[in-house]
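Below is one structure, written out as structure tokens; the observations come after it.
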Amino acid sequence: MSMYQLTCSIVLYENNPEVLKKAIESVLQSRLNIKLFLIDNSGTDQLKNLAFSNTVDYTFNNKNIGFGNAHNTALEKAGGNAPYHLILNPDIEFHEDVLENIYNFMEKYKDVGQLMPKVFYDNGNLQKLCHLIPAPVNLISRRFFENYHFSKKINDRYELEGFNYNTCANIPNLSGCFMFMRNSVLEKVGGFDKRFFMYMEDIDLTRRMHKVSQTLFYPEVSIYHKYEKGSYSNSKLLKHHINSAIKYFNKWGWLFDEERSQVNNKTLHRLNLPK
């Protein structure tokens, strides 16, 4: 029998303590039996005082080991002592019944390996975070030519323009801001790829999860995500993004990726969207 109903991990890096506290409190207010792991990549351990409950385990790395690698540390510490694990960004906030709702849904539908709820900005606007598996042209077009007319068709296809965000759907590329995952499936695919320091690791993991289970967009509950596009304003983060994209396409294929084509076409057909 599992020790917990859910384990959860948040990776910290020089975060605003008040924003982070809201994320932690969102998790701890749940009536589920939860163990929360805080993995701190910051230069100092000033955030350790936010581990204010015996249900919170704090680890100070004393260096930045990256997003995916830090979550892998939490997964190792969690040791599979729950049927589910939640990867959570430090700028997320949600109501107290969200985790119970998702837990009960996952208990009922055993073919779902990963789930993302509906996500809103602080101002109440919807974040459209359901996407196809990216090709190089998608990332280049969105990052450098987003406002150009010629890129609109490319971006609309990748971003599933026309998808009804009130519809539950099996999506091959979900945001890493909230990844509610079945541990038995996660163990099968092996966690985050250690090659990615930051960026693309969530796309890579969701793609591997999608190969063996449903990766579901679930609009019955919602969360709030501040979501700052750091690589759009920070040259260092942009460099990390480019390096990760190169590693991702070296792994899966640049122009030729038959699996990508098949999965994307099946997704568009399933959602009744133009190819």
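Structure above, values below:
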| read-out | value |
| --- | --- |
| Test: VAL189 is without any contact (Cβ under 8 Å) to a residue 40 or more places away in the chain, surrounded by 17 or more Cβ atoms within 10 Å (Cβ to Cβ) and out of contact with any Pro (no Cβ under 6 Å at 6 or more places or on another chain) | yes |
| Residues that are among the aliphatic types (A, V, I, L, M), surrounded by 15 or more Cβ atoms within 10 Å (Cβ to Cβ) and in a helix (DSSP H, G or I), drawn from the range 243-275 | ALA245, VAL263, LEU268 |
| Any hit, the range 76-87, residues being touching a strand residue (DSSP E or B) at 6+ places or on another chain (Cβ under 7 Å) and within 19 Å of LYS226 (Cβ to Cβ) | yes |
| Selected residue (only one of PHE196, PHE150, PHE178 is in contact with a helix residue (DSSP H, G or I) (Cβ under 7 Å, 6 or more places away or on another chain) and not hydroxyl-bearing (Ser, Thr, Tyr)) | PHE196 |
| Residue that is of a type in the set (Gly, Ala, Ser), within 13 Å of THR206 (Cβ to Cβ) and buried (at least 19 other Cβ atoms within 10 Å of the Cβ), where the choices are SER175, SER141 | SER175 |
| Index of the failed condition, HIS95 passing every other in (1) within 21 Å of SER175 (Cβ to Cβ); (2) more than 16 Å from the chain's Cα centre (by Cα); (3) surrounded by 15 or more Cβ atoms within 10 Å (Cβ to Cβ) | (3) |
| Residue check for MET209: touching a residue at least 24 places away in the same chain (Cβ under 8 Å) and on the phi > 0 side of the Ramachandran plot | no |
| The lone exception for VAL19 - which of (1) under 19 Å from the mean Cα position of the chain (by Cα); (2) aliphatic (A, V, I, L, M); (3) over 27 Å from LYS63 (Cα atoms); (4) surrounded by fewer than 17 Cβ atoms within 10 Å (Cβ to Cβ) it fails | (3) |
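Since every read-out is calculated from the coordinates, none of them should be taken as a lab result. For clarity, every value in this text was computed on a predicted model and none was experimentally measured. Here the Cβ is made from the backbone with ideal geometry for all residues, glycine too, and neighbour counts use every protein chain on show.
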